[in-house]
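Single-structure report; data block below.
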Amino acid sequence: MKKNILMAASIALAMLCACNPLETEQLRDIRFVTSPHAMTKSPIDGTTLPNDYNLVVSSYRNLGDHAGSSDAAGNYFTNVTFSKQVSHWTESRYWPLDGTLDFLAYATAGLKNPNVGVVPTAVWGDQGGNVAKKVVLTVPDNSTLFDDILFGASNGQAYDAEGTVLTLCHAETVVCFAAKANVAYDETNNRGVTINSITLDGAYYSGSLTIENPGAGGGSGNLSSNWSSLGSQKAHIPARVYGGAPCAANEPALADLHLGTSATTFNEKHFGEAYVILPPQAAVSFTIHYTVHNGKAGDTPINSTMEYTYSCSGNWAQGTKNLYTIEITLNEIVITPTVTDWEPGTATTVQI
């Protein structure tokens with residue numbers, strides 16, 4: 001069983017020289033610059049983070065050689081937005097004269113434009129007050145936006161380093177659907193299958209996300225996250241159509257999808273033909289609403305409108321892509337789940 005490794009966005013942290021020697025801090029900007037490594041985006045797939053993203057960062061200064069001076073340990077900055085430009089995130093913040101910095105960060109599309117993504121409420125700091133150690137995000141209802149949340153940390157970074165890597169992990173999970181039929185849709189002869197919609201039944205779309213970075217401030221341990229207080233379940237939320245890169249959250253609901261005979265057409269899209277994004281949770285059922293076109297009686301189309309509810313098993317885990325391939329014929333429907341971090345389930349055949 002192949003364990004899932006969270007897809008990650010690699011960000012190089014670079015320092016650019018300034019030229020005013022009278023400043024009390026090192027005159028080198030703190031910048032987050034895209035690295036040449038493969039990156040990801042929200043949601044889940046892709047090679048670049050789009051320009052409609054902001055990165056929110058808090059930083060803690062570790063003790064340097066000048067203890068007792070203005071260079072002492074403590075929170076360096078909190079909840080600062082680094083704006084995404086063409087090739088980097090930038091804000092006028094400078095490296096300290098001495099010591100090192102720890103960073104804790106998160107990003108969503110809604111930080112740049114609330115109309116296309118979620119806007120979490122952030123509370124920074126652990127019990128000791130270190131803002132690079134912990135942040136608690138209250139995430140609002142995500143059932144119509146399907147926006148992913150990315151988070152990452154980098155510890156013990158000095159201004160004279162050539163660069164560091166801030167790895168952004170996915171805090172949510174994606175459930176996606178690809179479909180095909182044994183006969184390609186033919187409007188003229190009214191033959192084939194049309195999926196009218198796919199709805200997710202009883203999933204959670206909001207909650208509290210706690211991100212902890214125990215290595216900050218000279219500690220030890222790995223970056224981790226945990227969801228709690230998942231809010232209320234939503235009934236009959238429609239899967240939405242992926243609009244291409246960069247992904248625009250708040251995309252249209254799947255409707256009137258005329259099926260071809262090969263699912264490869266759908267797999268060329270990042271999320272099959274339709275998807276939802278939600279916090280990790282126990283898998284719930286989804287319902288396929290579809291029409292079988294069975295020719296004509298004279299000029300009158302012969303259509304049968306049907307629906308089938310599929311009960312998913314297991315968990316939709318953080319950072320995973322959960323693909324359900326749907327194959328429909330005039331006699332049966334076959335659904336094959338493919339999930340990244342546990343054994344794929346067997347295909348389910350249901351007579352219709």
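Give the accessible surface of region 99-150 per residue, rounded to a whole number of Å², with probe radius 1.4 Å and ligands, DNA and RNA excluded.
With the other protein chains kept in place, region 99-150 gives 33 Å² per residue.
Using a 1.4 Å probe on the protein heavy atoms, what percent of the accessible area of region 106-165 belongs to carbon and sulfur?
C and S atoms contribute 47 percent here.
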Quickly work out the residue 186-to-residue 113 label distance, labels modelled 7 Å from Cα along the C-beta direction, and quote it in nm with one decimal.
4.2 nm
I want to check the label-to-label distance for residue 123 and residue 81. Put each point 7 Å from Cα in the C-beta direction and report it in nm to one decimal.
2.3 nm
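The values are calculated or read from the model by the stated rules, or taken from the named source; none is laboratory data. On a predicted model such as this, the values are computed, not experimentally measured, just so you know. Note: ideal-geometry Cβ built from the backbone for every residue, glycine included; neighbour counts use all protein chains shown. What goes into the accessible areas is simple: the full protein's heavy atoms, side chains included, and nothing from ligands, DNA or RNA. Shrake-Rupley method; radii C 1.70, N 1.55, O 1.52, S 1.80 Å.
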